[in-house]
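Scroll down for the structure; my scribbles are underneath it.
The values are calculated or read from the model by the stated rules, or taken from the named source; none is laboratory data. This one's a predicted model, so the numbers in the text were calculated from it and none came from an experiment. Note that each Cβ is placed from the backbone with ideal geometry, even for glycine, and that neighbours are counted across all protein chains shown.
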Amino acid sequence: MRSIERSGYAMTEDLESPEVVSVLAEMETFQSEFVAATRSIWTPRFPFSGECLYGWSRRWEYPYCWLNLPARLPAKVLDAGSGITFFPFFLEQRGFEVHCADVRRGLSRAFDAANQALKSRVSFRTLSISRLEQSDNTFDAVVCVSVLEHVSDRLKAVREMARVLRPGGRLVLTCDISLDRCGSILPEDFAVMLEELRSVLLSVYPLDLHRPPGLLTTNMARATEPWRLPWRTPTGWLARAIHRIRFSDEFRSIAVVGSVWIKPDRV
């Protein structure tokens, strides 16, 4: 088993494993080509970065998802809460049929432009992952990359992602965990979410939630590579004032957890 084929907290040592180093190099090359081909999308007003792979956690999360997807092709994959990144296009180029869903409006035009520029056929629908419209048992895999911390009804989202999985299909899930209780998912909320996951899916790997030295965290990034942290002060005087009260220097202490689940023949 490769070091990243497990369920638990992201570790800095994972980033040094040969398989992650190799996948990251491949993804970085693809992301650079993707951003160049879709340059017209990335305007100052567009709320996403084309170079998401350089974020403090994404350099672990995307290899984690890739290395834990089903190896058998063809496979139909849902990127739940996708935003727009290189990742679904990376998957499609490697033989997956990729569908994306995100609640934010305006992304449909961006996907159309990206598909035209890349001559790809990644599907996008404006949907909440708590209210997916796809039929039961549709996908061979669902990936959900740091989305649930932004969803109000996480348990419903978990049930929806399980519903659209085919029996034997995999859910590869990552989410931020708050270490300072100032945002993201609190550890006790994550425990509740795990119970919901266990009620509808089976864990592929034993879930290890102990926190040894070497956790991949925003604290580590702040000390060594602060440019990897994404936070920006919001616009508007009231929003800025509230933000300063909650986050005096905009910093939040966060770790990231990955887990892999499989849908049994009967739930």
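Screening LEU186 against (1) in contact with a helix residue (DSSP H, G or I) (Cβ under 7 Å, 6 or more places away or on another chain); (2) surrounded by 14 or more Cβ atoms within 10 Å (Cβ to Cβ); (3) modelled with pLDDT of 90 or more; (4) not acidic (Asp, Glu) leaves a single unmet condition, (1). Looking only at the range 214-230, decide whether some residue is at pLDDT below 65, on the phi < 0 side of the Ramachandran plot and over 21 Å from the mean Cα position of the chain (by Cα). Looking for residues that are at pLDDT below 65, on the phi < 0 side of the Ramachandran plot and over 21 Å from the mean Cα position of the chain (by Cα), one finds none in the range 214-230, hence no. State whether the residues of the range 84-103 include one that is in contact with a Lys or Arg (Cβ under 6 Å, 6 or more places away or on another chain), free of Cβ contacts under 8 Å to residues at least 40 places away in the same chain and not in a helix (DSSP H, G or I). Looking for residues that are in contact with a Lys or Arg (Cβ under 6 Å, 6 or more places away or on another chain), free of Cβ contacts under 8 Å to residues at least 40 places away in the same chain and not in a helix (DSSP H, G or I), one finds at least one in the range 84-103, hence yes.
All of (1) assigned to a strand (DSSP E or B); (2) more than 14 Å from the chain's Cα centre (by Cα); (3) of a type outside the set (D, E, K, R) hold for PHE111 with one exception: (1). What about SER135, is it of a type in the set (Gly, Ala, Ser), in contact with an Asp or Glu (Cβ under 8 Å, 6 or more places away or on another chain), modelled with pLDDT of 95 or more and outside any helix (DSSP H, G or I)? In short, no.
Applying a threshold of 7 Å to beta carbon distances and a minimum spacing of six or more residues, or different chains, the list of pairs starting in the range 158-169 at a residue that is surrounded by fewer than 16 Cβ atoms within 10 Å (Cβ to Cβ) and ending at one that is part of a helix (DSSP H, G or I) is empty. Please go through the range 162-217 and give me each residue that is over 24 Å from VAL98 (Cα atoms) and small (Gly, Ala, Ser), ordered by number. Within the range 162-217, SER178, GLY183, SER184, ALA191, SER199, GLY214 qualify. Restricting attention to the range 152-195 and to residues that are under 23 Å from SER253 (Cα atoms) and assigned to a strand (DSSP E or B), the residue that is farthest from the chain's Cα centre (by Cα) turns out to be SER178. Among the residues of this structure, GLU149 does not count as one that is buried (at least 21 other Cβ atoms within 10 Å of the Cβ), within 17 Å of the chain's Cα centre (by Cα) and of a type in the set (D, E, K, R).
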